[in-house]
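The values are calculated or read from the model by the stated rules, or taken from the named source; none is laboratory data. Bear in mind that the values here come from a model prediction, so they are computed numbers and not experimental data. Virtual Cβ from ideal backbone geometry, glycine too; neighbours counted across all protein chains shown. Ligands, DNA and RNA are stripped out before the accessible areas are found, and what is left, the full protein with its side chains, is counted by its heavy atoms. Shrake-Rupley method; radii C 1.70, N 1.55, O 1.52, S 1.80 Å.
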Amino acid sequence: GYAPTWRALAGDVRDWASAIRVAALDCMEEKNQAVCHDYDIHFYPTFRYFKAFTKEFTTGENFKGPDRELRTVRQTMIDFLQNHTEGSRPPACPPLDPIQPSDVLSLLDNHGSHYVPIVFESNSSY
């Protein structure tokens with residue numbers, strides 16, 4: 001089944017909890033069936049995203065990915081976070097947008113004795 005994959009994913013992104021959380025619900029358990037019905041879950045596994053600070057009821061956005069591999073799901077989670085608008089992005093989520101090479105020096109200005117980590121990656125990197 002998929003349970004080991006989701007458990008591995010939850011462990012893998014545990015440190016992301018302040019920005020995005022992973023929860024699992026077993027729809028085969030009788031106590032969960034009403035919730036699964038309310039959220040319109042009819043096949044398993046179903047993977048849904050819910051935007052931060054959502055106040056009204058929503059059934060979430062279905063996972064759209066070419067496969068259910070851990071790497072694909074992690075990348076989709078990053079895309080989902082990145083697609084939040086500025087006002088609805090979780091406060092603990094770091095800015096995920098790349099900066100222009102010309103802006104790198106501005107990161108180093110006026111920080112006194114603080115360290116500033118800078119990660120250089122390719123455009124397609126996650």
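Some points to look at:
- Once region 30-82 is narrowed to residues that are without any contact (Cβ under 8 Å) to a residue 24 or more places away in the chain, among the hydrophobic types (A, V, I, L, M, F, W, C) and out of contact with any Ser or Thr (no Cβ under 8 Å at 6 or more places or on another chain), the residue that is least open to solvent (accessible area, probe 1.4 Å) is C36.
- Condition broken by W6, with the remaining ones in (1) touching a Ser or Thr at 6+ places or on another chain (Cβ under 9 Å); (2) open to solvent by less than 60 Å² (accessible area, probe 1.4 Å); (3) of a type outside the set (S, T, N, Q) satisfied: (1)
- For region 43-57, the tally of residues that are within 20 Å of T5 (Cα to Cα) and out of contact with any strand residue (DSSP E or B) (no Cβ under 9 Å at 6 or more places or on another chain) stands at 3.
- Test result for C93, over 23 Å from Y126 (Cα atoms) and among the hydrophobic types (A, V, I, L, M, F, W, C): no
- Residue match in region 97-117 (condition: of a type in the set (D, E, K, R), surrounded by 10 or more Cβ atoms within 10 Å (Cβ to Cβ) and either within 21 Å of the chain's Cα centre (by Cα) or in a loop (DSSP other than H, G, I, E, B) (or both)): no
- Taken together, the residues in region 9-21 that are open to solvent by 50 Å² or more (accessible area, probe 1.4 Å) and either closer than 19 Å to A52 by Cβ or among the hydrophobic types (A, V, I, L, M, F, W, C) (or both) amount to 5.
- All positions within region 1-23 that are acidic (D, E) and in contact (Cβ under 8 Å) with a residue 60 or more places away in the chain: D12
- Qualifying residue in region 36-49 (condition: β-branched (V, I, T), farther than 21 Å from S88 by Cβ, modelled with pLDDT under 90 and touching a Lys or Arg at 6+ places or on another chain (Cβ under 8 Å)): no
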